[in-house]
Each structure stands twice: as structure tokens, then as C-alpha cells.
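Okay, so here's the structure we're looking at.
The values are calculated or read from the model by the stated rules, or taken from the named source; none is laboratory data. This one's a predicted model, so the numbers in the text were calculated from it and none came from an experiment. Note: ideal-geometry Cβ built from the backbone for every residue, glycine included; neighbour counts use all protein chains shown. Surface areas here come from the heavy atoms of the whole protein model, side chains and all, with no ligands, DNA or RNA. Shrake-Rupley method; radii C 1.70, N 1.55, O 1.52, S 1.80 Å.
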Amino acid sequence: MDAETSILLFVEDPGAANMLAGLSQALSETGLDAIVAAADHATERLTHLGIDHIPPDGDADALLDRTRPRILAAGCAENPAAFGLRLIDAARQRDIMTVGLIDGPSNPAYRFRGTGVDPLGHAPDRLIVPDPPTAALFQDLGFAAGAIMVTGHPHFDAVSHSRTALENEGQAAVRARVFPDAPAGRPLLLFAAELSDGHDRAQFQRGENYTLTGRGGSVVRTDIVLEEVLDAVAAMPPRPTLAVRLHPKNTAADFLTYRDEIDLFSAGGLPLEALFAADAVVGMSSMVMWEAALLGRPTLAILPRAMEKGWLSAIGLGIVPVATSRDDIHRMLADLLAGRLMGRNPAEVIELGAARRIAAALAAQITRPD
């Protein structure tokens, strides 16, 4: 059996993996050791972030036996059969302090639901969240306010550091390297794709409350938004070059229907260079929109329902403008590419140094468990 570990960090989703940026070093500076374990799509993201990790290898009890943590800090996925939920349950049975790492506000009712009906059925003892709006969502579900720690998002530090390096290289040089086939003299618009799937699949398909319809042939959320973008781009004089940044779980084959209208694809690795190379970024409600804004890119979220504004905290904070109608898309895209539309500066809203705050919060739980 291995020696006791201060913190076991477990993630299985790319979004949760972003929460670990700089965290191991911050924990080390507080005198705590940490082991990172990862599964599924989080492994690729951690590799790109340069974070060493181990596979779970076995069931939840086996991982806890190997690492013997004093605290389990687990990122969560919406998958009702997620390993992380079983890990939280097993840790609580052993009286190990459990902490949930929440990367954003989307679908809080499904984070700890599992296969049951209670949204907090597999909830940990504590939560670490990036911002007050996310904390409020979990309080609304019944999670105790005093057990939620608002720390900011460690990934924002990593993006800010990357921005400095990219600005030193220059946007033109980055574009030539990342998009060598992009035509000269035309603005480059990047569309950030998302999966149209989840535990509640109906959320990602057209319903009566949709204010966007696309071309009418698809009921899929991403397709509908992309079709609206394609039609708006086609009407622009001059037409911008359109690049699609694939979600980690996407492939270019997912967009074969639109291949003749998409100029370029970007896939693999972190999206930061592709975002920086673009003149503007459009998307929906993923972390990519935060990343684009942090890199100083003009951004626009296009959502098929107004209620989805709550899925991305950058919208509520005024950092990312949003369009929910066809008329708005055409007008706001033109303004975006012309430099007339820009959200609030993220520096006015967020405070860097989240990894150190998370490390301090976890250290406090070890010294004062309750």
C-alpha cells in the first residue's frame, strides 16, 4: 500500500481538467503533496497542460487504497455513471473529506445526480467554484452556502500567461503558423463548436422556445447555430474566412454537411493559438468563449434560447455579448468584425491567482476538518 497522500485530485472531463492548471505547484508551496488521477477525455487535456497524472486502474476503492488521501478533490462530469461519483461515495464511506471542483455554471442539477433524482445525491462535503453566479446555482439546489468556496478559475492564469507569449510573437505570425492556408487580406472568423449532447439530450435539440431555426433541416443545437453563422457570413461583403475549432469530442466528419462552406478546421491541443489568430470568435456557452475574451479577441455568444445565457458566466458578467435572434446575429457579427462590438474587459471582473486560493482552501480543510 502506498504512503498517505495529502490530496487526490481526480478529473474525467476537459472542463474539470482546466481547474488543475498550476494547482499542483500551488499545493506544493503550501506543503501539501498531490496525486492527479484522470480518465476519459480529461487525460488528453492534462497532457496538453503538462500535468502528470495516473489512470484510476480499478474501482474507486482500489484508487483510494493506492493513494490513501486525506482529501479527495474531484472534478465532475454530467455522465450519470461517472467514476468520480463512485469515488466521492467511496471516500465519504471512509470519512475522507470530499471536495467538488466545479468549472462553471452549466447544468448544476446534473453534476451530482447520478442515476437518481436528487441533484445532490452524490454531492461532496465542500464545493470549489469559480464565481458567485455558479455558487448561487448550487445554493439554489440546497447546497449549504458555508460549504461553497469561491476561488476564481486557475485556467484563467494559464490563458493570461499564454496571451503574453502570443502577443510577443504577434497575431500575424501566429496566424501564419496556425492557419497557413488562410487567405491574405480577409478577416478570419473562428466558430467554436460544441457537442450537442448531454445527460438531458433534449436540452441540445430544437424546442418550442428556440428563437433560432437555422435552415430548418436539423434539430441539433450546434448545427442550428452554425447554420445561422454560415448564412450571416455569406451575406457579408467581403465574406470573412470561416474556421471551425472542433470540440475535443468532435471530428471534422461531424461537419461534412457544411464542408463546402467552412474554409478551415482547427483541432487537437489547446485552442489558444487558434483563438488568438482569429480576428473574432463566435460560439455558444463553452469555456472557449472565456478563453477568447481573456486573449483579447472580440467574442459573440450565439444562443438558440435566451435562458442559456446562464450557462456561461462571462455573459452575465458582461464580458461576452450575446445574440439570440437572426437579426441580432447579422447585425452583431458585422459589428464584431468591424471592431464596433466588444464586451467588458475581463480584468475588470476576475482576479488571477485562483490556484493559490484553492490550495489555501484545501490546506485549511486539512488543518481544520469539520
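Phi angles of segment 320-334 translate, via the Karplus equation with coefficients 6.51, -1.76, 1.60 and θ = phi - 60°, into HN-Hα couplings of 10, x, 9, 10, 10, 9, 4, 4, 4, 4, 4, 5, 6, 5, 4 Hz per residue; Gly and Pro are given as x.
Computed extension gain for Ala81 through Asp181, at 0.36 nm per residue and net of the alpha carbon distance, reaches 31.8 nm.
Rounded if a/c is under 1.5, else prolate if a/b is larger than b/c, else oblate: which is segment 195-289, with a ≥ b ≥ c the root eigenvalues of its Cα gyration tensor?
oblate
Here the calculated FRET efficiency for Glu169 and Glu44, from their Cβ-Cβ distance with R0 = 25 Å, stands at 0.55, rounded to the nearest 0.05.
Highest-first packing order for the peptide set 335-345, 184-194 is 184-194, 335-345, based on the mean count of other beta carbon atoms within 10 Å.
On a per residue basis, segment 1-44 carries 37 Å² of accessible surface, using protein heavy atoms and a 1.4 Å probe. For segment 132-140, the Karplus equation 6.51 cos²θ - 1.76 cosθ + 1.60, evaluated at θ = phi - 60°, returns couplings of x, x, 5, 4, 4, 5, 6, 5, 4 Hz by residue, with Gly and Pro reported as x. Taking every C-alpha pair closer than 8 Å and separated by at least 6 residues, the mean separation divided by the residue count of the chain gives a relative contact order of 16 percent.
Principal axis extents of the C-alpha atoms in segment 8-127 (largest first, rounded to whole Å): 39, 29, 26. Couplings for segment 165-173, taken from phi via the Karplus curve 6.51 cos²θ - 1.76 cosθ + 1.60 with θ = phi - 60°, read 5, 5, 5, 5, 6, x, 4, 4, 5 Hz in order; Gly and Pro are left as x. Positive contributions from Lys and Arg (+1) and negative ones from Asp and Glu (-1), summed over other residues with Cβ under 13 Å from the Cβ of Gly339, come out at 0.
Stretched out straight at 0.36 nm per residue, the stretch from Arg68 to Gln139 would grow longer than its current Cα-Cα span by 22.5 nm. Largest first and in whole Å, the equivalent-ellipsoid semi-axes of segment 115-210 read 38, 23, 11, each the square root of five times a Cα gyration tensor eigenvalue.
Count charges around Glu228 for me, please; just the other residues with Cβ under 15 Å from its Cβ, Lys/Arg as +1, Asp/Glu as -1.
Local charge sum for Glu228: -2.
Note on Leu256 and Gln93: their simple-model spin labels are 4.5 nm apart, each label 7 Å out from Cα toward Cβ.
What does the charge add up to near Arg163, with Lys and Arg as +1, Asp and Glu as -1, over the other residues with Cβ less than 14 Å from its Cβ?
-4
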